[in-house]
Amino acid sequence: MASETPHGGGRTERCERCCEETPHAVTVELRVESEPDGDPPFARRPYRVSSCRECGTESVHAIEEP
Ligand SMILES: [Zn+2]
């Protein structure tokens with residue numbers, strides 16, 4: 001029985017520190033954006049957080065909403 005999802009819930013992405021594709025744990029978090037950049041101080045924006053399982057480096061990207 002073949003499985004196409006190794007590591008259950010993780011995924012493989014390129015890590016800048018490892019300079020290769022490694023298993024990553026990917027989660028989505030709601031974080032408060034408090035920068036006086038025109039956004040309301042309490043606006044919560046979803047961020048996609050992927051952490052390398054090899055070296056622990058986290059990559060955080062804001063998820064653009066329409
Ligand atoms: Zn890494």
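Couple of notes before you dig in:
- Derived scalar couplings ³J(HN,Hα) [the range 14-23; Karplus, 6.51 cos²θ - 1.76 cosθ + 1.60; whole Hz; x for Gly, Pro]: 7, 9, 5, 6, 6, 6, 6, 7, 9, x
- Residue 31 long-range amide H proximity, modeled H, under 5 Å: 45, 47
Computed from the coordinates by the stated procedures, all read-outs in this text should not be read as laboratory data. Keep in mind that what you see is a predicted model, and the values were worked out from it rather than measured.
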